[in-house]
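Report on the structure given below.
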Amino acid sequence: MHPQPERVPYHLAIIMDGNGRWAQERGKPRHEGHRAGTENLRRVLRLCSQYGVKILTIFAFSTENWGRPPSEVAFLMRILETVIDREMEDLHANGVQLRHIGRLEGLQPHLQQKVRQAVERTRNNDRLILNVAFNYGGRDEIVNAVRRIITDGIPPDEVDEELLSYYLFTAGQADPDLIIRTSGEMRVSNFLVWQAAYAEYYATPTYWPDFDENEFYRALQAYTARQRRFGLVEAADHP
Ligand code: IPE
Ligand code: IPE
Ligand code: MG
């Protein structure tokens, strides 16, 4: 293990991208990339625990990913199911609190049920919160929040940033400090649109299945070197 970096993000979010290209470059079908990416998640979860990340949010399936070929969509659904079946005991034993962010009602009923059970089972764990963004879209999340605010009859002058945050899937959680995107893409792709207002971004050309401990450490080092100003002036500049 590397030495502990000076600063570790309290909330780390990852856009796990590049599974398909990882597979393609090896002459394999795309789903092999998703399989390898799932294996890598285990490794990164362990690293988060070791380095003291308290919240990990992973982008696993976007509201736009439904537009992929049906066989790929079906494979990604099955991955969610097998991960819950195979990993839940371990996650639970390791103090991971599983949460889902996104439109659960858009998934098949048996999958909804599995997710709900896993969330319920691990709800009292407090070593690390794992938010699984599945059928998640940042805009969809905001629209959903606005609808519920209206349904609840909240008067307009009571609607502020704090209230809106409370209606998001991430209600009650600190905003992400660092967002990592693998595979070299420099875009947000509808991930945590509201919550990322002051997140630091880090991009690496490495495909998600190859994002290993050294890569992880490099991202933490980059984060340590950032100056987060939140719109203010640096402390050193004050008279
Ligand atoms: C990320 O890998 C996983 C999901 C979006 C589900 P991709 O499947 O997007 O891989 P590339 O970007 O096509 O290489
Ligand atoms: C973002 O990756 C979604 C996930 C990682 C689940 P995409 O591969 O879907 O994003 P685009 O299409 O490159 O923007
Ligand atoms: Mg992609």
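The values are calculated or read from the model by the stated rules, or taken from the named source; none is laboratory data. Quantities reported herein were computed from a predicted structural model and do not represent experimental measurements. Cβ atoms come from the backbone with ideal geometry, glycine included; neighbour counts cover every protein chain shown. These accessible areas exclude ligands, DNA and RNA; they are computed on the full protein's heavy atoms, side chains included. Shrake-Rupley method; radii C 1.70, N 1.55, O 1.52, S 1.80 Å.
Of the residues Tyr202, Tyr207, which single one is in contact (Cβ under 8 Å) with a residue 24 or more places away in the chain and touching a Gly at 6+ places or on another chain (Cβ under 8 Å)? Please lay out each step first, then the result.
On the way: Tyr202 fails: touching a Gly at 6+ places or on another chain (Cβ under 8 Å).
Sole residue among the options that is in contact (Cβ under 8 Å) with a residue 24 or more places away in the chain and touching a Gly at 6+ places or on another chain (Cβ under 8 Å): Tyr207.
The condition (being within 24 Å of Gly137 (Cβ to Cβ), among the aliphatic types (A, V, I, L, M) and within 11 Å of ligand 1 (Cβ to nearest atom)) is satisfied by just one residue among Leu56, Leu80, Leu45: Leu80. Here is the figure for region 31-73: residues that are open to solvent by 20 Å² or more (accessible area, probe 1.4 Å) and among the β-branched types (Val, Ile, Thr) total 2. In region 1-31, the residue that is farthest from the chain's Cα centre (by Cα) out of those that are within 15 Å of ligand 3 (Cβ to nearest atom) and acidic (Asp, Glu) is Glu25. Just one residue in the set Arg187, Arg181 is open to solvent by 30 Å² or more (accessible area, probe 1.4 Å), under 17 Å from the mean Cα position of the chain (by Cα), within 16 Å of ligand 3 (Cβ to nearest atom) and not β-branched (Val, Ile, Thr); that residue is Arg187.
Residue under question is Glu81, and the condition is that it be within 16 Å of ligand 3 (Cβ to nearest atom) and more than 19 Å from Phe216 (Cα to Cα); does it hold? For Glu81, the condition - within 16 Å of ligand 3 (Cβ to nearest atom) and more than 19 Å from Phe216 (Cα to Cα) - is not met.
From the residues in region 1-30 that are free of Cβ contacts under 8 Å to residues at least 60 places away in the same chain and surrounded by 17 or more Cβ atoms within 10 Å (Cβ to Cβ), which one is nearest to ligand 1 (Cβ to nearest atom)? Among those that are free of Cβ contacts under 8 Å to residues at least 60 places away in the same chain and surrounded by 17 or more Cβ atoms within 10 Å (Cβ to Cβ), it is Gly20. Does Ala197 meet the test of being at pLDDT 95 or above and either within 14 Å of the chain's Cα centre (by Cα) or open to solvent by less than 40 Å² (accessible area, probe 1.4 Å) (or both)? Taking the combined requirement at face value, the residue does not satisfy it. What helices (runs of 4 or more DSSP H) completely inside region 105-174 contain at least 1 residues that are touching a residue at least 40 places away in the same chain (Cβ under 8 Å)? Hits in region 105-174: 138-151. Looking only at region 79-94, which residues are within 20 Å of the chain's Cα centre (by Cα) and either open to solvent by less than 90 Å² (accessible area, probe 1.4 Å) or modelled with pLDDT under 95 (or both)? Correct list: Ile79, Leu80, Glu81, Thr82, Val83, Ile84, Glu87, Met88, Leu91, His92, Asn94.
Against the conditions (1) surrounded by 12 or more Cβ atoms within 10 Å (Cβ to Cβ); (2) without any contact (Cβ under 8 Å) to a residue 24 or more places away in the chain, where does Leu76 fall short? Just the number, please. For Leu76, the exception is condition (2).
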